[in-house]
């Protein structure tokens, strides 16, 4: 069991390093272009919120008409347009982190 916990810790560390590198590359080129997408789990870890809070942000984006929360096409995309399971969405970490400071204060 200890080795499984260590493998999970290593995986989490690598995910965070990947997110950090994406943010650095995007901020250094001045264009703020997405260099990659991440899973809902990685977004939740990076924002230090539970995964269910990401679902609440998606719902907030829907009910607000895109004014607040996470918006499809800006913060995330679906691999399949009919997919409703948010664990299968891909998130633009740069857009999410930028919006987090402005919109997600009451999550």
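So here's what we get for this one:
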{"quantity": "In range of the label at residue 41: residues from the range 50-71 whose backbone nitrogen is under 16 Å from the point 7 Å along Cα→Cβ", "calculated": "50-55"}
{"quantity": "Least to most buried among 68, 87 (fewest other Cβ within 10 Å first)", "calculated": "87, 68"}
{"quantity": "Sorted by Cβ neighbour density within 10 Å, fewest at the top, the residues 75, 94, 59", "calculated": "59, 94, 75"}
{"quantity": "Packing-based exposure ordering (other Cβ within 10 Å, fewest first) of 91, 37, 76", "calculated": "37, 76, 91"}
{"quantity": "Added length on full extension, which subtracts the Cα-Cα distance from 0.36 nm per residue, residue 52 to residue 13", "calculated": "11.9 nm"}
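A short reminder: the numbers here are calculations on the coordinates, not readings from a lab. Computed from a predicted structure; not experimentally measured. Here Cβ is always computed from backbone atoms with ideal geometry, including for glycine, and neighbour counts include all displayed protein chains.
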